[in-house]
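Accompanying notes for the structure given below.
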Amino acid sequence: MFKAEKIASEIVEIVSRELHLDKRFVVLDYVFQHNSNKPHVTFLVSSSFIGNGIQSYLKHRVEQLPFSYSVEVLPSAAIGEKKFVLCNVSVAPVMKSNTHQSEQITQILLGESADILQKENDWLRIRLHHDGYIGWTSTNQMWPVNEKELAIWQSKKKVSPRTLISPLLNSPEKSGEPIREFLYGTFLPVKAVTKAWTSVTLPEGRIGWLQSSADISPNGKRSVLSAHLVATAKMFLGISYQWGGRSVKGFDCSGFTQTVFRLNGIEIPRDASLQWLTGSDAGNEKGNFAEGDLLFFSSKPERITHVGMSLGGAEFIHSSGFVKINSFNRSHSQFDNNLLQRFVGARRIIE
């Protein structure tokens, strides 16, 4: 790394610490350009607050910098006049950087929406609307929309299949060709319902058909019982663990708990460390939790690293290797001493 580029990287880290930025939800990045004379650094930020922080830090250091610089506030890109996207595949990876070799940090599901922050070749940097996560995804798996189109999409009554994975067909016939996978936990606008078939609208406007076994998406607030959370969680038993996963094709630990609550009309943050800050304290008596309490674990003293959900008493369900049930009870066949030792405490989301 060139000296000038190293200094730019250090500035980003210093300002991030000073402003207490969480890079899961904001952008403070830079683009380095090698000019024939003095190099130039463009600092990319997702708000004027962060831009002002960069300007303030550099104000008395301009003379010492081995590069010229500018600050660009995102979003800086749109596709035509379209500043938003809808996910147009069953599940699309959202990556830490704009390369297929990068780490998957989360996922965006069919029909979910996001802001376009930046465009680089075949990649879009997006901010997911449902939980604010920021990352890069492939352009060819998104469908761009403008503000009016997004509002119409969001206002429509939607359905989700009862089964974990349902094929969407191009016609209401069993011999129809599959055009998408429709996953439990994803929602699409319902167009028509007959006794045998339900038709839904895909982001690009194409109509897909599935056999009539759809649930209507909950609208607004509703009464949620802990038994509902348990029933939803148990539907996912056996599904493999996947880092960054939040779909029936694979969950990480917090993607699993977030999905269980979301499907019951309750939004909680994406990551275990942030879920730890929600709800009320439910104590740490390992055999005395209510159904639906979130249980937290740590392998590092300074932060939460794992989360599961109580099934009541000493049993809990979580995604570790795969979605499974374990227990704090030493006489239980699924007792896990490692988790017992790592347990930190519990939070109650519903009373």
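Read-outs: derived from the displayed coordinates by stated rules, not from any lab. Just so it is clear, the model here is predicted, and its values are computed rather than measured. Reconstructed Cβ throughout: ideal geometry from the backbone, glycine too, with neighbour counts over all protein chains shown.
HN-Hα J couplings of the stretch 89-102 from phi, Karplus 6.51/-1.76/1.60, θ = phi - 60°, integer Hz, Gly and Pro as x?
Calculated HN-Hα couplings, in order: 10, 4, 7, 10, x, 10, 9, 5, 9, 8, 8, 5, 7, 6 Hz.
If the only charges are +1 at each Lys and Arg Cβ and -1 at each Asp and Glu Cβ, what is the size of the charge dipole of the stretch 275-329 around the Cα centre, to the nearest 20 debye?
Dipole magnitude for the stretch 275-329 comes out near 240 debye.
Take peptides 8-18, 114-124 and line them up by average Cβ neighbours within 10 Å, highest first, as a rough protection proxy.
Averaged packing, sorted descending, gives the order 114-124, 8-18.
Anything over 19 Å Cα to Cα? Flag those among Lys82/Lys158; Lys6/Lys38; Lys174/Lys195; Lys23/Lys324; Lys96/Lys119; Lys23/Lys83, in the order listed.
Check vs 19 Å cut-off fails for Lys82/Lys158; Lys23/Lys324; Lys23/Lys83.
Using Cβ contacts closer than 10 Å as the measure, can you line up Met95, Met309, Met235 from fewest to most?
Final ranking by Cβ density, sparse to dense: Met235, Met95, Met309.
Where the centroid of each part is defined by its Cα atoms, how far is the stretch 1-29 from the stretch 260-338 in Å?
Their Cα centres are 33 Å away from one another.
Compute the separation of the alpha-carbon centres of the stretch 65-100 and the stretch 165-187 and state it in Å as a whole number.
So the separation of the two Cα centres works out to 30 Å.
Express the relative contact order of the stretch 132-187 as a whole percentage, based on alpha carbon pairs under 8 Å and six or more residues apart in sequence.
29 percent
With angles folded into 0 to 90 degrees, how steeply does helix 3-18 sit against the dominant principal axis of the chain? Use alpha carbons for both and round to 10.
For 3-18 against the chain, the angle is about 50 degrees.
Which far-off residues, 5 or more places away or on another chain, put their amide H under 5 Å from the one on Asp336, with H placed in the peptide plane?
Ser327
Among [x] 5, 25, 35, 26, 8, 1, 0; [y] 5, 21, 27, 24, 15, 6, 1, 0; [z] 6, 22, 26, 20, 14, 9, 3, 0, which one is P(r) over Cα pairs in 10 Å bins from 0, in percent computed from these coordinates?
Identified label for the calculated read-out: [y].
For n ≥ 4 DSSP H runs only, could you compute -39500 (n - 2.57) per run for the chain, divide by its residues and tell me the 222 nm figure to the nearest 500?
Rounded to the nearest 500, the figure is -5500 deg cm²/dmol.
Taking the Cβ of Lys191 as the centre, find all other residues whose Cβ is under 12 Å away and add up their charges (Lys, Arg: +1; Asp, Glu: -1).
Charge balance near Lys191 sits at +4.
Helix 48-58: angle to the longest alpha-carbon principal axis of the chain, degrees 0 to 90, nearest 10?
40 degrees
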